[in-house]
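Each remark here refers to the structure printed beneath this line.
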Amino acid sequence: MLKKLKQGTLHSLKTGGAFNLVDLSKWRRQRLLILAYHGISLDDEHLWDRSQFMPKEVFGARLNLIKKSGCTVLPLTEALRRLYTSDLPEKSVAITFDDGTYDFYCQAYPLLKEFGYPATLYLTTFYSHFQKPVFDVACSYLLWKGREKPLDLETVSGDKARFNLNSPQARTAAFEQLGRFARNAKLSAEEKDDLAASIAEKLGVDYGALLARRVLQLLRPAEVKSLAADGIDVQLHTHRHRVPQNRELFLREIEDNRTSIREMTGKSPSHFCYPSGVWNSTFLPWLKEAGIESATTCELGLASPKSNPLLLPRLIDVSSLSAIEFEGWLTGIAAGLPRK
């Protein structure tokens, strides 16, 4: 109900000329919209998780709307410098991608290049070197993919539990139990992949086909090198996609991530994105200690000169966001509407 009301309000505001008033205002010129994306589907990933994946056609339509709206798309480093010196052009936007899945290379990047738009890729690096599907997301995807069959965990992990996977609640319960098993057994990356392959076999999912298409796999070092050489800004997202509460482990995540990216790109990254948007105030001095210039969150909003550079808001763009809502954020007017 709130979503439909919001869409109706935005259509009325656009028809009444409010969009034009706001997007050309001094208020909007002092603000930066940082867009965040995760994956652009290789197959049916957007049907599994619409909060993480969108079809290539939807992403292309977003870029086209950015162009038609007259936005200025800036590289993140330049955008932040100009934000804090009050020198932003009209309707400034920066585009970011989290994680660095292979679909960025073959789905998103060609479209970005077609439109001539710069982008920042926050890359988590462990799975760039271990070229298999990321275990947690692959496990969730496999449970959805094979949802027509029951899963007897005793044949997979030894746990005496059986799940009918045709409901989201059952899939969540199975996923959590598999995650506990992997953690308690302290499975290695190789053992986790063996577990994922076993789950796929039990559910009748062709794991070999997923490997061949590189669904839910991260970019290879050579691909990262190629992207960086062609202008993609590769930045920090931790090595293992986690933010430990321990200072030494936290700093190790960043340093391992930085070292890996430096080896792939020849550049030393200094911008950071919190994995899964998880942050707390304890991290801020640690980030400064690690030489981090900026850090983006999953908090909704536009960045202003008053924004803490280590707690920058973004718009997490998803398939369920309508075109009028997206345009509302490009103008800035959506920032003043109620949020769920």
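Per-structure values
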| item | result |
| --- | --- |
| Only one of Tyr117, Tyr122 that is at pLDDT 95 or above, among the aromatic types (Phe, Trp, Tyr) and surrounded by fewer than 20 Cβ atoms within 10 Å (Cβ to Cβ) | Tyr117 |
| Leading residue by the ranking (surrounded by the most Cβ atoms within 10 Å (Cβ to Cβ)) among those in segment 101-114 that are farther than 19 Å from Leu211 by Cβ and not acidic (Asp, Glu) | Ala108 |
| Test result for Arg314, surrounded by fewer than 20 Cβ atoms within 10 Å (Cβ to Cβ) and either closer than 25 Å to Tyr37 by Cβ or at pLDDT 95 or above (or both) | no |
| Helices (runs of 4 or more DSSP H) wholly inside segment 1-95 that include at least 1 residues being more than 25 Å from Ala295 (Cβ to Cβ) | 2-15, 18-23, 26-29, 45-48, 56-68 |
| Subset of segment 65-79 that is within 19 Å of Ser25 (Cα to Cα) and in contact (Cβ under 8 Å) with a residue 60 or more places away in the chain - its residue that is surrounded by the most Cβ atoms within 10 Å (Cβ to Cβ) | Ile66 |
| Pairs where the first residue, in segment 222-236, is among the small types (Gly, Ala, Ser) and the second is crowded, with 18+ Cβ neighbours inside 10 Å, C-beta under 6 Å, 6+ apart | Ala228/Val234; Ala228/Thr265 |
| Hits in segment 279-311 (condition: loosely packed, with under 15 Cβ neighbours inside 10 Å and in contact with a Ser or Thr (Cβ under 9 Å, 6 or more places away or on another chain)) | Gly291, Pro305 |
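Residue by residue, here is whether (1) surrounded by 15 or more Cβ atoms within 10 Å (Cβ to Cβ); (2) in contact with a strand residue (DSSP E or B) (Cβ under 8 Å, 6 or more places away or on another chain); (3) among the charged types (D, E, K, R); (4) at pLDDT 95 or above holds:
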residue: Lys192; (1), (2), (3), (4): yes, no, yes, yes
residue: Ile199; (1), (2), (3), (4): yes, yes, no, yes
residue: Leu203; (1), (2), (3), (4): yes, yes, no, yes
residue: Tyr207; (1), (2), (3), (4): yes, no, no, yes
residue: Leu218; (1), (2), (3), (4): yes, yes, no, yes
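The values are calculated or read from the model by the stated rules, or taken from the named source; none is laboratory data. Remember, predicted model here, so these are calculated numbers, not experimental data. Note that we place each Cβ from the backbone using ideal geometry, even for glycine, and neighbour counts take in every protein chain shown.
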